[in-house]
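Quick notes on the structure that follows.
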Amino acid sequence: MNKFNIENLDLYYGDNQALKSINLPIPQKKVTALIGPSGCGKSTLLRCLNRMNDLIAGVKITGKVTMDEHDIYGNIDVSDLRIKVGMVFQKPNPFPMSIYENVAYGLRAQGIKDKKHIDSVVEKSLRGAALWDEVKDRLKSHAFGLSGGQQQRLCIARTIAMQPDVILMDEPTSALDPIATHKIEDLMESLKKEFTIVIVTHSMQQARRISDRTAFFLMGELVEHNDTQTIFNNPQDDRTQGYVNGDFG
């Protein structure tokens, strides 16, 4: 079962074509990794899935992107889409408030005032992000006092609290040390039981370790996509072979 189907997607920044006729299914409750050299279009494609590119002046998109068979570029509420398709960015970006309020923020923004309900969601989300045991005694402390890896897991908890269907991750460990990276990777393994995850990563090793499916991009084109073991062990395209072997990129 596919969560997304991307069909004949072209994207232009002004006159520059950043994505060229992309066709890619994204399966439900799996981790799909988007790999390729810098500037190849993978982060641009990620932002198509929650329409973040709409916020950039001069962007033109043609083709079709469906989520659960509904056209996300049709007549839909984009705010609702961005709740269903949460995003975790490259650098941890906690809000300048307490750990508790970071996770509660989205609920309060939706008008939820029931403290018991908010308490329950905060705990569940922090547990889901494998952070509860580390912060349960200091929920009122400022989020900026957490380490980088803890801040990134807090951002994941903040996303989980909104009960999305999908979590997009744009190089979520590139600013983290190896131990924090390992924790986020372990977390993804447990999160995919509940969520569809799409991750952009520059790390071949990370894609190999954590993803079920891998899609390789080069200069705005989708060269190849398949299950991860096939992409790394038996790619069909010489360019994929060269990239996963470290010949370029």
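Scanning the range 105-130 for residues that are within 25 Å of the chain's Cα centre (by Cα) and of a type in the set (K, R) turns up R108, K124, R127. Filtering the range 196-227 to residues that are closer than 24 Å to P178 by Cα and surrounded by fewer than 21 Cβ atoms within 10 Å (Cβ to Cβ) leaves H202, S203, M204, Q205, R208, R209, D212.
When D137 is tested against (1) touching a helix residue (DSSP H, G or I) at 6+ places or on another chain (Cβ under 9 Å); (2) charged (D, E, K, R); (3) surrounded by fewer than 22 Cβ atoms within 10 Å (Cβ to Cβ), exactly one condition is not met: (1).
Tell me which residues, restricted to the range 12-22, are more than 13 Å from G39 (Cβ to Cβ), of a type outside the set (A, V, I, L, M) and surrounded by 13 or more Cβ atoms within 10 Å (Cβ to Cβ).
Kept after step one, since they are more than 13 Å from G39 (Cβ to Cβ), are these residues of the range 12-22: 12, 14-15, 20-22.
Next, only the ones that are of a type outside the set (A, V, I, L, M) stay: 12, 14-15, 20-21.
Once the filter is applied, which keeps residues that are more than 13 Å from G39 (Cβ to Cβ), of a type outside the set (A, V, I, L, M) and surrounded by 13 or more Cβ atoms within 10 Å (Cβ to Cβ), the range 12-22 yields Y12, K20, S21.
Candidates in the range 136-183 are the residues that are among the β-branched types (V, I, T) and part of a helix (DSSP H, G or I); of these, the one that is farthest from H117 (Cα to Cα) is I179.
When the range 63-80 is filtered for residues that are more than 19 Å from K20 (Cα to Cα), β-branched (V, I, T) and touching a residue at least 24 places away in the same chain (Cβ under 8 Å), only V78 remains.
Tell me yes or no: at least one residue of the range 194-210 is closer than 25 Å to Y100 by Cβ, out of contact with any Phe, Trp or Tyr (no Cβ under 7 Å at 6 or more places or on another chain) and outside any loop (DSSP other than H, G, I, E, B). If you could, list the steps in order and put the result at the bottom.
Quick first cut of the range 194-210, residues closer than 25 Å to Y100 by Cβ only: 194-195.
Among the residues that remain, those that are also out of contact with any Phe, Trp or Tyr (no Cβ under 7 Å at 6 or more places or on another chain) are: 194-195.
Okay, now just the ones that are also outside any loop (DSSP other than H, G, I, E, B), so none.
Checked the range 194-210: no residue is closer than 25 Å to Y100 by Cβ, out of contact with any Phe, Trp or Tyr (no Cβ under 7 Å at 6 or more places or on another chain) and outside any loop (DSSP other than H, G, I, E, B).
Only strands (runs of 3 or more DSSP E) whose full extent lies in the range 12-101 are considered here, and the ones with at least 3 residues that are more than 18 Å from the chain's Cα centre (by Cα), modelled with pLDDT of 95 or more and over 23 Å from S125 (Cα atoms) are 16-27, 59-67. Restricting the range 211-230 to residues that are of a type in the set (V, I, T) and in a helix (DSSP H, G or I) leaves a set whose member that is farthest from T173 (Cα to Cα) is T230. For the range 231-249, name all the residues that are in contact with a Gly (Cβ under 8 Å, 6 or more places away or on another chain), in a loop (DSSP other than H, G, I, E, B) and either surrounded by 10 or more Cβ atoms within 10 Å (Cβ to Cβ) or of a type in the set (S, T, N, Q) (or both). The one that is in contact with a Gly (Cβ under 8 Å, 6 or more places away or on another chain), in a loop (DSSP other than H, G, I, E, B) and either surrounded by 10 or more Cβ atoms within 10 Å (Cβ to Cβ) or of a type in the set (S, T, N, Q) (or both): G249. When residues in the range 167-187 are screened for being under 11 Å from the mean Cα position of the chain (by Cα) and farther than 24 Å from S38 by Cα, 0 of them pass. Restricting the range 54-106 to residues that are over 25 Å from Q151 (Cα atoms) and touching a Lys or Arg at 6+ places or on another chain (Cβ under 8 Å), the residue that is surrounded by the most Cβ atoms within 10 Å (Cβ to Cβ) is M67.
The values are calculated or read from the model by the stated rules, or taken from the named source; none is laboratory data. This is a predicted model, so every value here is computed, not measured. Note that each Cβ is placed from the backbone with ideal geometry, even for glycine, and that neighbours are counted across all protein chains shown.
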